[in-house]
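A.B. asks: Next up is a structure, given as structure tokens.
No lab work stands behind these numbers, since they all come straight from the coordinates. All figures in this text were calculated on a predicted structure; none of them were measured in a lab. Backbone-built Cβ (ideal geometry, glycine too); neighbour counts: all protein chains shown.
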Amino acid sequence: MARVAVGSDDVYAVAKFVVGYLRSKGFEVVEVGALRSGAPHPWPDVGLEVGEMVARGEVDFGVVVCYTGTGVSIAANKVRGVRAALCFDAQTARGARLWNDANVLALSARLTTEEVAKEIIDAWLSVREPDPSEAESIAKLKRLDEARRV
């Protein structure tokens with residue numbers, strides 16, 4: 001069974017929906033931040049924890065949620081090996097997986113309805129492997145990430 005970490009800085013309806021929707025699709029979901037505790041958590045901590053779980057291989061991918069989605073995506077991208085993408089629609093999510101090999105999906109609690117979240121997740125999950133024509137660019141991105149000093 002595939003595992004996914006879902007983290008949120010507050011208990012947003014869309015974050016709870018994402019947890020339930022992924023479970024309904026057969027994923028084992030590890031809840032992070034406010035989803036685990038029921039109380040608000042700092043968005044940098046949520047993005048970092050989910051990113052570290054992805055980078056260590058404890059989960060197959062991550063989903064992070066904050067009010068705009070920006071903060072958690074920035075925090076997750078501080079972790080070496082994480083390629084977090086803030087997505088507002090299905091085509092962006094599909095492209096993030098297909099062309100960028102994104103491994104963390106960031107969502108805005110403010111703008112993402114449950115129906116749009118479902119479309120985004122389905123598009124994200126529809127991509128099994130990155131587009132082979134992007135292999136060189138993805139490899140370059142991974143080399144740049146590994147060369148970082150911090």
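A.B. asks: How large is the helix-only mean residue ellipticity at 222 nm for the chain, computed as the sum of -39500 (n - 2.57) over DSSP H runs with n ≥ 4, divided by its residue count, in deg cm²/dmol to the nearest 500?
C.D. replies: Here the helix-only value at 222 nm equals -14000 deg cm²/dmol.
A.B. asks: List the relative contact order of the chain as a percent without decimals, with contacts defined as Cα pairs under 8 Å and 6+ residues apart.
C.D. replies: 22
A.B. asks: Enumerate lysine pairs in the chain that are 8 or more residues apart or on different chains, then count those whose Cα atoms are under 18 Å apart.
C.D. replies: Going through the chain pair by pair, I get 5.
A.B. asks: Points 7 angstrom from Cα along the Cβ direction at T68 and Q91: gap in nanometres?
C.D. replies: So the label points at T68 and Q91 sit 2.4 nm apart.
A.B. asks: Next up: Skipping prolines and chain starts, which residues have an amide H placed within reach, meaning under 5 Å, of the one on V30, given they are 5 or more residues away or on another chain?
C.D. replies: Placed amide hydrogens put V4, A5, V6 under 5 Å from V30.
A.B. asks: Could you tally the net charge around T112, taking each other residue with its Cβ under 15 Å from the Cβ of T112, Lys/Arg +1 and Asp/Glu -1?
C.D. replies: The answer is -4.
A.B. asks: Rounded to the nearest 20 debye, what is the charge dipole size of the chain about its Cα centre when +1 sits on each Lys and Arg Cβ and -1 on each Asp and Glu Cβ?
C.D. replies: 300
A.B. asks: For K142 and K118 in the same chain, what is the full-extension length gain: residue separation times 0.36 nm, less their Cα-Cα distance, in nm?
C.D. replies: Extending this stretch completely gives an extra 5.7 nm.
A.B. asks: Name the residue farthest towards the positive end of the dipole of the chain from the options T113, M53, A147, assuming +1 on Cβ of Lys and Arg, -1 on Cβ of Asp and Glu, about the Cα centre.
C.D. replies: A147
A.B. asks: I want to check the label-to-label distance for M1 and E31. Put each point 7 Å from Cα in the C-beta direction and report it in nm to one decimal.
C.D. replies: 1.5
A.B. asks: Give the residue list of trypsin sites (Lys or Arg not before Pro) in the range 67-135 that are DSSP loop and have at most 14 other beta-carbon atoms within 10 angstrom.
C.D. replies: Qualifying residues, ordered by number: R80, R110, R128.
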